[in-house]
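Down below is the structure, laid out as structure tokens.
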Amino acid sequence: MTPPPRYRGRFAPSPTGPLHFGSLVAALGSWMMARRAGGEWWVRIEDVDRPREVPGAADRQLNTLAAFGMASDGPVLRQSQRGDLYQAALSGLLASGDAFPCRCSRSALAATGGIHRACVDAGDPARAPSVRLRVPDGVIGFEDELQGHFEQDVGRAVGDFVLWRADGLWAYQLAVVVDDADQGITHVVRGADLLDSTPRQILLQRRLGLPTPAHAHLPLVLGADGRKLGKSLQALPIDDDAPWPALRAAWRFLGQPDAALDAGGAPGPALERAATRFDPARIPVTDGNPDSGFAAAT
Ligand code: GLU
């Protein structure tokens, strides 16, 4: 039997459009953390939310990653092909009583701020149910490699959360947990917008008897208005034919000095060289704005 990897990271984009600068930062940050540790980096396409998928976006994202010198070390899985695994996990949770079908309507839950703690409404039996995880009282905490200690009372903050959606789609929280475990992911490095999903995922890992990977949540790229990367920045094209301006800006955004990156030439070998100089201690913890050089270069 092959021993489990010491470090296997991943980048898991949703194919809702071309990669934007914020996703490039997540890709580069997760790639650097993996390489620096001598580890693997796998790409997974998170296409569970079919209605939000843009046709052709996944292939375009993979082409961009390749042009930027980052190729998956393992098979590129697509969540749309993995329903059997999610179903097996869900069936186990239903059988153990950890999950339950729910027909509460949004309007009935509005009285509790949308947070489900107990069914408030028998619902219309003709309507398809969602399936929720029964969330116990108590706080779930973890040590984030970049953000430090983070904890959440999941029951109070989000309540019994959805695993299978009433509209017939798998929920992100279930798919990501099943896939990370099935793919042997040991380190999850991603944007800080997912920090508050992590306690839910840890809870699910415990219920499913799966290991919890290490976590590092990268600062978010903010628009000039200080809000999460706005549409205008999201729309900035990441140019596959000229990767260096964006790569250099992403490197700087991660707090790394220009001198540590031999920009120019083929990105793949340059990134491999830079990985030995990549220092996670330099990654800023607060969210920020990409430097103006990047905006000018694009
Ligand atoms: N698919 C998610 C996204 O594109 C990322 C999920 C994750 O890294 O856990 O935002």
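Structure above, values below:
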item	result
Strands (runs of 3 or more DSSP E) enclosed by segment 135-181 - at least 1 residues per element that are within 15 Å of the chain's Cα centre (by Cα), within 16 Å of the ligand (Cβ to nearest atom) and not hydroxyl-bearing (Ser, Thr, Tyr)	139-144
Some residue of segment 118-127 being modelled with pLDDT of 95 or more and under 28 Å from THR16 (Cβ atoms)	no
All positions within segment 7-23 that are part of a loop (DSSP other than H, G, I, E, B), at pLDDT 95 or above and away from the ligand (no atom under 12 Å from the Cβ)	TYR7
Every residue from segment 41-63 that is more than 12 Å from the ligand (Cβ to nearest atom) and assigned to a loop (DSSP other than H, G, I, E, B)	VAL54, PRO55, GLY56
Segment 184-205: number of residues that are in contact with a Gly (Cβ under 8 Å, 6 or more places away or on another chain) and either within 12 Å of the ligand (Cβ to nearest atom) or more than 21 Å from ARG78 (Cα to Cα) (or both)	6
Filtered residue count, segment 36-47, keeping only those that are under 17 Å from SER23 (Cβ atoms) and not charged (D, E, K, R)	4
Options ALA71, ALA26, ALA66; residue that is under 18 Å from the mean Cα position of the chain (by Cα) and outside any loop (DSSP other than H, G, I, E, B)	ALA26
Conditions (1) outside any helix (DSSP H, G or I); (2) within 14 Å of the ligand (Cβ to nearest atom); (3) closer than 21 Å to PRO269 by Cβ: number failed by GLY38	(2)
Among (1) surrounded by 21 or more Cβ atoms within 10 Å (Cβ to Cβ); (2) modelled with pLDDT under 90; (3) out of contact with any helix residue (DSSP H, G or I) (no Cβ under 6 Å at 6 or more places or on another chain); (4) not basic (Lys, Arg) - the single one LEU222 does not satisfy	(1)
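The values are calculated or read from the model by the stated rules, or taken from the named source; none is laboratory data. Quick caveat, the model's predicted, so the values are computed rather than measured. Virtual Cβ from ideal backbone geometry, glycine too; neighbours counted across all protein chains shown.
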